[in-house]
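Heads up, the thing below is written out as structure tokens.
The values are calculated or read from the model by the stated rules, or taken from the named source; none is laboratory data. Since the structure is predicted, the reported quantities are computational estimates derived from the model, not experimental observations. Using ideal geometry, Cβ is built from the backbone for each residue, glycine included, and neighbour counts are taken over all protein chains shown. Calculation scope for accessible area: heavy atoms of the full protein, side chains included, ligands and nucleic acids excluded. Shrake-Rupley method; radii C 1.70, N 1.55, O 1.52, S 1.80 Å.
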Amino acid sequence: MSKLLDIDSISVSYGSIKALREVSLHVNEGEIVCLIGANGAGKSTLLKAIVALEPITHGSIAYQGQMIAQIDENGAKKKFGVPIRRSKGLSSNLRTDEIAGRGVALVPEGRRVFADMTVEENLDMGAFLVRDDELIARKKEEMYDFFPILGARRKQKTRSLSGGEQQMLAIARALMSSPRLLLLDEPGLGLAPLIIQDIFEKIHIINREDKVTVFLVEQNASIALKASNRGYVMENGVIVLSDFSTNLLENEKVRAAYLGDS
Amino acid sequence: MGSIAEFFQHLMNGLTLGGIYALIALGYTMVYGILKFINFAHGDILMVGSYIGLFTFDAIRGQTMGPWTVIAFFIAMLAGMLFSAGLGMAIERIAYKPLRRATRLAPLLSAIGVSFILSNMAAWMWGTKSRKLDYPFDNSPIYLKGVSITPHQILILAVVIVMMVALKLFVDRSRIGKAMRATSLDQDTAKLMGIKADKIIAITFAIGSALAATAGFLIALEIKVYPSMGTMTGLKAFVAAVVGGIGNISGAMLGGILLGLLETFGVALLGIPYGLRDTIAFVALIIILLVKPEGLLGKAEKEKV
């Protein structure tokens, strides 16, 4: 199995607070990998760092064997008192839109659908980099088949959708670009158990049938571990455990801290 | 003629003035929508655009009047639009972009600086004497049941309507237009879709500046052109954008037209002295801010979690 995503010792800081401290992990082609941890452990920050929405201050990120972000020992340089991401020697660092162009799609925390746009327009935005109108139309029909509720609401403004429907739209929007790597940030957050189950079933189908590699971040450790091949556990910005998900489900520490067993 | 004719007369005048405000207000609102920042140099971009349009027209219209004169008029307008679009993009690149991550006050101050530079450069290069577009066509009013309409007014309204419809279609239907809306709704998520935010911002400045130049050219036709013309006009159009709901494109159109009508009817019907005409906009602003701070079509800002 080849590594699709290889994160090597990355750090992210918010001012003086270190949100991530030399985190290393990898995702192999075709896997579903989950990252679990408590609220505020740094899980979302990690996803944002992968897509360059947060600048890393240390380490490197490789995708498909190519560096997409890399920081030398001096760290980021500053301009007008503000850290800049691109400076001499660091020009290999890709921007968010360039990373999206390489086939990485993130379903952000809290869905972040474009509320003032219709369901269809949201899907159009997901296909922004696809320049083939026929392909876009076909993809949209695929999405409406896959998530029938979206088909029924294609002309509706997104703000009128329920939380579960918005989550499905956010996933569908990410799939419009036919990504190779799908990143999901808390796909189950704030949703009813039945809907969470539905969404995780869809994630499985996407992984199995469309051959999309999935890396997901979840607070709900039980469902995330059951849905994934491997898992990482994060505490205070550090990876403390990593193993096959079946083993993590049996692990005493994980059971005590994240699965509610005493 | 009765008061009905008088009403329609003021309506016509108000719509013409309001249409011009609306074109300018669109630039403020589009830029604000994406960058959450007021481009205080917008009025001066308008001024430069109207000078360029005026000079171009004088240069190419020739001695004899004919169909060419009409074509020359629109070519001149286009020249002003293109020049301003380039100017707007250059200003964004030089004066605003380096400050994108700095405190919110920094680009605002930079904009005020750019405004001073542009109006003083104009005064230095072109003098402070006001000019008027030397439009060779007959402008004697046409009387329609007691309402007098000048050919200029018809021209202004036609240009305003074409511009607004074109903009609305562009923003609602085109790929780039949708990307502009997406970027204005949520810049980070737009980037995740592969949208180059910097490119969208540049296009936004280009379109807003071109619309301002159009408005400036129409002002040159109806009123006059001078280096500080952008200040009050720009300020009032900014008020129009806030009244309509800043960040909202339909709101800017509505706010602009409403402000034009208010000014016209305020002077004509409410007996507000002409000298106080400019205060009407600001009184309207105060009232709107008290009653509906988000503006007529604006949405109340939700706390972001």
Could you tell me whether A:Asp185 is of a type in the set (Asp, Glu) and within 21 Å of B:Ser174 (Cα to Cα)?
no
Pull up segment B:181-193, narrow it to residues that are more than 7 Å from chain A (Cβ to nearest Cβ) and open to solvent by 10 Å² or more (accessible area, probe 1.4 Å), then point me to the one that is farthest from B:Gly88 (Cα to Cα).
B:Gln187
Filter result for B:Leu118 (within 14 Å of chain A (Cβ to nearest Cβ) and either in a helix (DSSP H, G or I) or more than 15 Å from B:Leu218 (Cα to Cα) (or both)):
no
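Residues checked against (1) charged (D, E, K, R); (2) part of a helix (DSSP H, G or I); (3) farther than 22 Å from B:Ile154 by Cα:
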{"residue": "B:Tyr21", "(1), (2), (3)": "no, yes, no"}
{"residue": "B:Phe40", "(1), (2), (3)": "no, no, yes"}
{"residue": "B:Met47", "(1), (2), (3)": "no, yes, yes"}
{"residue": "B:Thr69", "(1), (2), (3)": "no, yes, no"}
{"residue": "B:Ile75", "(1), (2), (3)": "no, yes, no"}
{"residue": "B:Ala95", "(1), (2), (3)": "no, yes, yes"}
Taking the condition in contact with a strand residue (DSSP E or B) (Cβ under 7 Å, 6 or more places away or on another chain) and surrounded by fewer than 24 Cβ atoms within 10 Å (Cβ to Cβ), does B:Lys224 pass?
yes
Just one of the numbered conditions (1) at pLDDT 95 or above; (2) farther than 22 Å from B:Leu23 by Cα is not true of B:Ser115; which one?
(2)
Hey, does segment B:173-180 have a residue that's hydroxyl-bearing (Ser, Thr, Tyr) and open to solvent by less than 40 Å² (accessible area, probe 1.4 Å)?
yes
Looking at this structure, is A:Arg154 closer than 14 Å to A:Met176 by Cβ, out of contact with any Gly (no Cβ under 9 Å at 6 or more places or on another chain), more than 14 Å from every other protein chain (Cβ to nearest Cβ) and at pLDDT below 95?
yes
Being at pLDDT below 95, open to solvent by less than 50 Å² (accessible area, probe 1.4 Å) and of a type outside the set (S, T, N, Q) narrows A:Ile32, A:Ile68 down to just A:Ile68
Count - residues of segment A:102-134 that are open to solvent by less than 40 Å² (accessible area, probe 1.4 Å) and in a loop (DSSP other than H, G, I, E, B)
10
Which one of these is within 11 Å of chain A (Cβ to nearest Cβ) and surrounded by 13 or more Cβ atoms within 10 Å (Cβ to Cβ): B:Lys168, B:Lys196?
B:Lys196
The one condition B:Val162 fails out of (1) touching a residue at least 24 places away in the same chain (Cβ under 8 Å); (2) within 30 Å of B:Leu11 (Cα to Cα) is (1)
Helices (runs of 4 or more DSSP H) wholly inside segment B:209-293 containing at least 2 residues that are of a type in the set (S, T, N, Q) and modelled with pLDDT of 90 or more:
B:229-244, B:249-268
